[in-house]
Amino acid sequence: MAKLEEIDTEEYEKIIAANQMKRKKYSIIIPTYNERLNIALVIYLIFKHLQEFEFEVIIVDDGSPDGTQEIIKQLQNIYGEDHILLRARPKKLGLGTAYVHGFNHASGDYIIIMDADLSHHPKYLPSFIRKQMETSASIVTGTRYVRHGGVHGWNLMRKLTSRGANVLAQTLLWPGVSDLTGSFRLYERSAFEDVISSCVSKGYVFQMEIIVRASRKGYHIEEAG
């Protein structure tokens, strides 16, 4: 066995970082409504790209009439109910409250939020985790407005609407984050709990409010494309 001083410093740091990542647990909250065609692929990709991490997926389904919950139950049989938690609600009650509901059932040290419509590719999750490890950030937020950033499956109108909302918010709020309306983020558990306790939005504005409040509170925020 090689002596400690003989081990390359960079390689040693990688080993330490890998061990640290294995000790942390990540709770991935995914709100769903009529996502039976997407959810199986999303779950497959999450498990494919997070093999080296400890995690759970918490799916908050708002009474989807298309059979989404039946698909999720089948996925539980495959991956295990300890890895996939279905925490359904009777109807659509707002995106912000869906994240709060999911958080109430989360056991992870870190909270990850993402959509189920494949606009967020799970292959980027390891880079979010590593960015947090390298920077000790309280929040790592995905951005569509840096080189190599972007979304999958959005038409031009949706992209223009999102871009316009971000430009307006940047002008009025100066949050120091380029993508306020994004819903692909990683939070330290304590930071997420602190910020959502002061949020009042229930719909899609929740994404903007939570990141602005986090910035105002002085949390360390990093961006990942």
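Taking all protein chains as present, what is the carbon and sulfur share of the accessible area of the range 184-225, in % to the nearest whole number, probe 1.4 Å?
After summing per-atom areas, the C and S share lands at 50 percent.
Do the alpha carbons of any pairs in Lys92/Lys123; Lys25/Lys217; Lys25/Lys73; Lys92/Lys131 sit beyond 31 Å of each other, and which pairs? Kindly include the intermediate steps, with their values, before the conclusion.
Values: Lys92/Lys123 28 Å; Lys25/Lys217 25 Å; Lys25/Lys73 23 Å; Lys92/Lys131 33 Å.
Over 31 Å apart, Cα to Cα: Lys92/Lys131.
Residues with amide H under 5 Å of Thr32's amide H, sequence separation 5 or more or different chain, H placed in the peptide plane at 1.01 Å from N; which?
Val60, Asp61, Asp62
Whose amide H sits under 5 Å from the amide H of Glu222, counting only residues 5 or more places off or on another chain, with H placed in the peptide plane?
For Glu222, whose amide H was placed from the backbone, the distant partners under 5 Å are Ile139, Val140, Thr141.
The values are calculated or read from the model by the stated rules, or taken from the named source; none is laboratory data. What you see is a predicted model; the values in this text were computed from it and never measured. These area figures cover heavy atoms from the full protein model, side chains too; ligands, DNA and RNA do not enter into them. Shrake-Rupley method; radii C 1.70, N 1.55, O 1.52, S 1.80 Å.
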